[in-house]
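**Student:** Structure below; questions to follow.
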Amino acid sequence: MPTIAIVGAGPQLGLAIARTYGTHGYDVALIARNRAKLEDLGGELAAEGITAAAFPADVLDRTALTQALKDAAAHFGGIDVLEYSPVGGLQTVMTTPAATEPADVQHEMDFQLYGAIAATRAVLPAMREAGAGTLLFTTGAGSVDPVPQIANVNAAAAALRNWVINLHKELDGTGVQAAHVAINVSIGTPAVPGFPTAQPEEISPVYWDLHTTKRDRAELVFSL
């Protein structure tokens, strides 16, 4: 069976992506900090006939993240798709551009860019050797069109976007696809009154399309 590893797996988008791939015959490696929550997700997927396993790791601990992905590859016999979409939650205090200090950006750089690089380095060599594979990275749409209220988060997301699009260029012709997904909606429930909201199941097919029919795309912005 082919396998997708979801870094930042949670009960919304991560679970929806797992279901999308699982219904197409993929096994699912679930990676996030909390083992109990991952096992709950795995139980939901198992009840739907999807094989999943938990590999707990914090993306801020790059050694642990690398090991989790190596363990997942050993467990399933390889990783065909990597999807990176951890959520920082309340760990980051949002700042406007003029109020931003270097420390305000550092956590988000660690979380978004450096975690993504570590995850990629754990799976890319095997993909390049096989001449096949997909690397998908998720940010909010502020990575493309930033908003002042979350300048520090947007700065790190833009750095990740830049790196992914550059990786896409480097991997051209190798059989390995790298792409950035920018989500321009609230997921599940409105984060800001009046802001567009989509359910995870509406968004997750984008990740399947990039893996299958849109492999030439370096970026896709999801909006309503």
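The values are calculated or read from the model by the stated rules, or taken from the named source; none is laboratory data. For clarity, every value in this text was computed on a predicted model and none was experimentally measured. Glycine also receives a Cβ, built like all others from the backbone with ideal geometry; neighbour counts cover every protein chain displayed. In case anyone asks, the SASA skips ligands and DNA or RNA and just uses the protein heavy atoms, side chains included. Shrake-Rupley method; radii C 1.70, N 1.55, O 1.52, S 1.80 Å.
**Student:** Within the set of pairs 6+ apart or on separate chains, which have a first residue in the range 207-224 that is closer than 20 Å to Thr23 by Cβ and part of a helix (DSSP H, G or I), a second that is open to solvent by 30 Å² or more (accessible area, probe 1.4 Å) and not polar (S, T, N, Q), and C-beta atoms under 9 Å apart?
**Tutor:** Trp208/His24; Asp209/Arg217; Leu210/Arg217; His211/Asp80; Thr212/His24
**Student:** While we're here: With the requirement that a residue be touching a residue at least 40 places away in the same chain (Cβ under 8 Å), outside any loop (DSSP other than H, G, I, E, B) and either of a type outside the set (S, T, N, Q) or open to solvent by 50 Å² or more (accessible area, probe 1.4 Å) (or both), what does the range 20-70 give you?
**Tutor:** Listed by number, the residues that qualify are Tyr21, Asp27, Ala29, Ile31, Arg62, Leu65, Leu69, Lys70.
**Student:** Does Gly78 satisfy the condition of being open to solvent by less than 40 Å² (accessible area, probe 1.4 Å) and on the phi > 0 side of the Ramachandran plot?
**Tutor:** Considered against the rule, which asks whether it is open to solvent by less than 40 Å² (accessible area, probe 1.4 Å) and on the phi > 0 side of the Ramachandran plot, Gly78 comes out as yes.
**Student:** Something else about it: Considering only residues that are hydroxyl-bearing (Ser, Thr, Tyr), farther than 14 Å from Gly14 by Cβ and touching a strand residue (DSSP E or B) at 6+ places or on another chain (Cβ under 8 Å), which ones fall in the range 34-91?
**Tutor:** If the condition is that a residue be hydroxyl-bearing (Ser, Thr, Tyr), farther than 14 Å from Gly14 by Cβ and touching a strand residue (DSSP E or B) at 6+ places or on another chain (Cβ under 8 Å), then Thr51 is the only one that fits.
**Student:** For the range 83-94, state whether one or more residues are free of Cβ contacts under 8 Å to residues at least 24 places away in the same chain, open to solvent by less than 80 Å² (accessible area, probe 1.4 Å) and either within 17 Å of Ile6 (Cβ to Cβ) or not in a loop (DSSP other than H, G, I, E, B) (or both).
**Tutor:** The answer is yes, given that some residue of the range 83-94 is free of Cβ contacts under 8 Å to residues at least 24 places away in the same chain, open to solvent by less than 80 Å² (accessible area, probe 1.4 Å) and either within 17 Å of Ile6 (Cβ to Cβ) or not in a loop (DSSP other than H, G, I, E, B) (or both).
**Student:** Before we move on, is Thr120 outside any helix (DSSP H, G or I), open to solvent by less than 60 Å² (accessible area, probe 1.4 Å) and either closer than 25 Å to His211 by Cβ or in contact (Cβ under 8 Å) with a residue 60 or more places away in the chain (or both)?
**Tutor:** no
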